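Student: Would you mind keeping the following structure in view while I ask a few things?
The values are calculated or read from the model by the stated rules, or taken from the named source; none is laboratory data. Everything quoted here is computed from the prediction, not taken from an experiment. Here the Cβ positions follow ideal geometry from the backbone for every residue, glycine too, while neighbour counts run over all protein chains shown. Areas reflect the complete protein model, heavy atoms only, side chains present, ligands, DNA and RNA absent. Shrake-Rupley method; radii C 1.70, N 1.55, O 1.52, S 1.80 Å.
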Amino acid sequence: MLIDAQNLCVRFGAKRAVDDVCLSLARGGRLAVVGESGSGKSTLGKALMGLVARPGIVSSERLEIEGRDMRSALPSQWQAVRGRSIGLMMQDPRYCLNPVMTIGRQIAECNAPTPVEDCLAEVDLSPGIAKRYPHQLSGGQGQRAYLAMVLALSPQLLIADEPTSALDPPLALQMMELIEKRMQARGMALLLITHDIDLARRTCPRLIVMQDGKAVEELASGAEPKHPFTRRLIACVPRLAC
Amino acid sequence: MLSLRNLSVAIGGHRLVEKVSFDMAPGESLGLIGPSGSGKSTILRAVAGMIDFTGEILLMGRPLAAWPRLERARLLNMVFQDPYGALHPRHSVARALAEPLILHRMDDREQRIEEALMAVGLPLDVQTSYPHQLSGGQRQRVVIARALMLNPRLLLLDEPTSALDMTVQADILDLLEGLKSSRGLSYLLVAHSLPIVTRLCGKIVRMDQRGEPDLASHGLLN
Ligand SMILES: Nc1ncnc2c1ncn2[C@@H]1O[C@H](COP(=O)(O)OP(=O)(O)OP(=O)(O)O)[C@@H](O)[C@H]1O
Ligand SMILES: Nc1ncnc2c1ncn2[C@@H]1O[C@H](COP(=O)(O)OP(=O)(O)OP(=O)(O)O)[C@@H](O)[C@H]1O
Ligand SMILES: [Mg+2]
Ligand SMILES: [Mg+2]
């Protein structure tokens, strides 16, 4: 197992942002986490990376990453996991880029086997972007630059939190295809966090549906949802289109 | 309400936007669409008076620069593309929402803040939270609430719902649509989802890769 989390909880004071969630993912596997705003999706992703900051409290019956017990891991042990074992694409990517370093240098510092220009070309950015600073990029360019950086580290698992929210549909599709290609070429696993249930179903064979911190349903992508909330999520798609 | 005449923006030798013109009547809304990097956010920043430009931007028939800052800020407000950057990390939600009211010396602050929070579907107790304690969608709703605080006539919206899940997206769209009819609000909206644009806007301008408007797209919806 690449990741095995049992009864994972994250508390902020009295609030249980993640409440007793179980999930496991094998090498090369894919799983989507969907749910409404504030249901705990991003917090779950951060907990799997050891990124929940105080006063948040993480507890679990089991939390293993590549077979190692991470429940009382030291910061240095988490540091070793981040980047190469697990890459996290955060929800606000531009905020995660270093504002005082050019994009080219940030990618170069990941020591990818491929040249910076190729990393940029993969995410459909021109070589000129390498000389720019994050504030000189558009929203979609920032999101793609960040994806390039995360992929440059060749992680075993990519946790992608709304990876295409700033992109128009054709570009979003192209980025998902790139992620797909990495999964096939290097056996990268994917934990896709998204509010887009359509995207989740197209990309991953299994979904976890979260509501108010709890995983209310885990189902196969093709299966009929049983939980009323999952049905509501699906029903909202055509409502937007009208 | 708003007219652009040959708006161009260049920064450090890069041409970001080339000769964009359009008109919006009061109560009318316009959608800006186009590929990533085509200059959509740049146009909004120019209209918000945040960057230099050449050409003309007329707000209610008057050049942008001729408006006193505060008066303009009341008339027009902006919701940015990345909500995290738009909120001060060390200011609570209550403070973020009170700020425009204090600046414009408005009374009934508590009531106005509560109304705005309810309008965007946030519980009143988020007031004590800080941005990092909110989910992505909650932050975005705070930003929208803040933009509504001064009852603007024109709202510049940059991907206002892309960080939100479908159920909330639908709610926010209902909200924006309701405000349009109840307050006669106009939107200049950037969105990559065409259904959202067509629902809120009667006009569309499509930008192309070079930052030029694609003239063939003018009046796409009319
Ligand atoms: N540092 C924190 N302190 C207190 N509460 C927090 C903190 N971080 C998150 N929360 C709360 O935990 C809940 C879950 O947040 P999370 O960001 O995981 O939601 P999400 O499912 O990713 O939502 P979205 O789709 O809007 O991004 C929210 O109610 C949020 O307010
Ligand atoms: N400060 C700057 N200096 C140089 N170039 C910039 C600067 N800000 C933006 N740009 C460039 O201007 C172009 C237009 O950017 P803008 O943010 O307006 O695009 P956009 O249409 O909003 O794209 P997206 O859909 O990805 O958000 C992009 O190519 C961007 O890299
Ligand atoms: Mg989130
Ligand atoms: Mg933009």
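Student: What are the residues in the stretch B:123-136 that are within 9 Å of another protein chain (Cβ to nearest Cβ) and under 22 Å from B:PRO152 (Cβ atoms), if any? So that I can check it myself, show each step before the final result.
Tutor: Here is the first cut: in the stretch B:123-136, the ones within 9 Å of another protein chain (Cβ to nearest Cβ) are B:132-136.
Of everything in the stretch B:123-136, nothing turns out to be within 9 Å of another protein chain (Cβ to nearest Cβ) and under 22 Å from B:PRO152 (Cβ atoms).
Student: Count, please, the residues in the stretch B:137-166 that happen to be open to solvent by 10 Å² or more (accessible area, probe 1.4 Å), among the polar types (S, T, N, Q) and in a helix (DSSP H, G or I).
Tutor: 1
Student: Among the numbered criteria (1) buried (at least 17 other Cβ atoms within 10 Å of the Cβ); (2) within 12 Å of another protein chain (Cβ to nearest Cβ), which single criterion is violated by A:ALA14?
Tutor: Among (1) buried (at least 17 other Cβ atoms within 10 Å of the Cβ); (2) within 12 Å of another protein chain (Cβ to nearest Cβ), A:ALA14 violates only (1).
Student: For the list (1) on the phi < 0 side of the Ramachandran plot; (2) more than 14 Å from chain A (Cβ to nearest Cβ); (3) of a type outside the set (Phe, Trp, Tyr), I need the number of the one condition that B:THR161 fails.
Tutor: (2)
Student: Would it be correct to say that A:ARG16 is of a type outside the set (Phe, Trp, Tyr), over 17 Å from the mean Cα position of the chain (by Cα) and away from ligand 2 (no atom under 16 Å from the Cβ)?
Tutor: Details: of a type outside the set (Phe, Trp, Tyr): yes; over 17 Å from the mean Cα position of the chain (by Cα): yes; away from ligand 2 (no atom under 16 Å from the Cβ): yes.
Yes.
Student: Can you pull out every residue in the stretch A:23-76 that is in contact (Cβ under 8 Å) with a residue 60 or more places away in the chain, out of contact with any Lys or Arg (no Cβ under 8 Å at 6 or more places or on another chain) and of a type in the set (D, E, K, R)?
Tutor: Hits for the stretch A:23-76 are A:ARG27, A:GLU36, A:LYS41, A:GLU64, A:GLU66.
Student: Of a type outside the set (Asp, Glu), within 16 Å of ligand 4 (Cβ to nearest atom) and within 13 Å of chain A (Cβ to nearest Cβ), is that true of B:VAL120?
Tutor: no
So that you can scan it fast, the table gives a plain yes or no per residue for (1) of a type in the set (Lys, Arg); (2) open to solvent by less than 60 Å² (accessible area, probe 1.4 Å):
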residue	(1), (2)
A:LEU88	no, yes
A:GLN106	no, yes
A:CYS110	no, yes
A:LEU120	no, yes
A:VAL123	no, yes
A:PRO127	no, no
A:LYS131	yes, no
A:SER138	no, yes
A:ARG144	yes, yes
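For (1) under 17 Å from A:ILE3 (Cβ atoms); (2) away from chain B (no Cβ under 14 Å); (3) modelled with pLDDT of 90 or more, each residue gets a yes or a no:
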| position | (1), (2), (3) |
| --- | --- |
| A:ASN111 | no, yes, no |
| A:THR114 | no, yes, no |
| A:GLU117 | no, yes, yes |
| A:PRO163 | no, no, no |
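Student: Any residue at all in the stretch B:171-189 that's under 21 Å from A:PRO163 (Cα atoms) and within 9 Å of chain A (Cβ to nearest Cβ)? Reasoning before the result, please.
Tutor: Quick first cut of the stretch B:171-189, residues under 21 Å from A:PRO163 (Cα atoms) only: none.
Scanning the stretch B:171-189 turns up no residue that is under 21 Å from A:PRO163 (Cα atoms) and within 9 Å of chain A (Cβ to nearest Cβ).
Student: Of all residues in the stretch B:48-84, count the ones that are within 13 Å of ligand 2 (Cβ to nearest atom) and within 27 Å of A:SER126 (Cβ to Cβ).
Tutor: Total meeting the criteria: 7.
Student: Which of the residues spanning the stretch B:115-131 are among the aliphatic types (A, V, I, L, M), more than 16 Å from ligand 3 (Cβ to nearest atom) and either open to solvent by 20 Å² or more (accessible area, probe 1.4 Å) or assigned to a helix (DSSP H, G or I) (or both)? Walk me through it before giving the result.
Tutor: So the first thing to find is which residues in the stretch B:115-131 are among the aliphatic types (A, V, I, L, M), and the list is B:116-120, B:122, B:124, B:126.
Keeping just the survivors that are more than 16 Å from ligand 3 (Cβ to nearest atom) gives B:116-120, B:124.
Those that are among the aliphatic types (A, V, I, L, M), more than 16 Å from ligand 3 (Cβ to nearest atom) and either open to solvent by 20 Å² or more (accessible area, probe 1.4 Å) or assigned to a helix (DSSP H, G or I) (or both): B:ALA116, B:LEU117, B:MET118, B:ALA119, B:LEU124.
Student: Right, here's the next one. Any idea which of B:LEU134, B:LEU194, B:LEU175 is touching a residue at least 24 places away in the same chain (Cβ under 8 Å) and either touching a Leu at 6+ places or on another chain (Cβ under 7 Å) or crowded, with 20+ Cβ neighbours inside 10 Å (or both)? Please lay out each step first, then the result.
Tutor: Working: B:LEU194 fails: either touching a Leu at 6+ places or on another chain (Cβ under 7 Å) or crowded, with 20+ Cβ neighbours inside 10 Å (or both); B:LEU175 fails: either touching a Leu at 6+ places or on another chain (Cβ under 7 Å) or crowded, with 20+ Cβ neighbours inside 10 Å (or both).
Checking each option against the conditions leaves just B:LEU134.
Student: Could you pull out the residue among B:ARG112, B:ARG105, B:ARG199 that is of a type in the set (D, E, K, R), surrounded by fewer than 23 Cβ atoms within 10 Å (Cβ to Cβ) and in a loop (DSSP other than H, G, I, E, B)? Please lay out each step first, then the result.
Tutor: Working: B:ARG112 fails: in a loop (DSSP other than H, G, I, E, B); B:ARG199 fails: in a loop (DSSP other than H, G, I, E, B).
It is B:ARG105.
Student: Within the bounds of the stretch A:150-162, is there any residue that is surrounded by 20 or more Cβ atoms within 10 Å (Cβ to Cβ), closer than 25 Å to B:VAL190 by Cβ and within 16 Å of ligand 4 (Cβ to nearest atom)?
Tutor: Checked the stretch A:150-162: at least one residue is surrounded by 20 or more Cβ atoms within 10 Å (Cβ to Cβ), closer than 25 Å to B:VAL190 by Cβ and within 16 Å of ligand 4 (Cβ to nearest atom).
Student: Would it be correct to say that A:ARG201 is within 22 Å of A:GLY222 (Cα to Cα) and surrounded by fewer than 23 Cβ atoms within 10 Å (Cβ to Cβ)? Spell out how you get there, then give the answer.
Tutor: Numbers: within 22 Å of A:GLY222 (Cα to Cα): yes; surrounded by fewer than 23 Cβ atoms within 10 Å (Cβ to Cβ): yes.
Against the criterion (within 22 Å of A:GLY222 (Cα to Cα) and surrounded by fewer than 23 Cβ atoms within 10 Å (Cβ to Cβ)), A:ARG201 qualifies.
Student: Then there's this: What residue, of A:ALA152, A:ALA145, A:ALA160, A:ALA121, is over 20 Å from the mean Cα position of the chain (by Cα) and of a type in the set (A, V, I, L, M, F, W, C)?
Tutor: Values: A:ALA152 fails: over 20 Å from the mean Cα position of the chain (by Cα); A:ALA145 fails: over 20 Å from the mean Cα position of the chain (by Cα); A:ALA160 fails: over 20 Å from the mean Cα position of the chain (by Cα).
The conditions single out A:ALA121.
Student: Can I ask one more? Looking at A:ARG68, A:ARG30, which is the one that is basic (Lys, Arg) and in contact with a Cys (Cβ under 8 Å, 6 or more places away or on another chain)?
Tutor: Values: A:ARG68 fails: in contact with a Cys (Cβ under 8 Å, 6 or more places away or on another chain).
The match here is A:ARG30.
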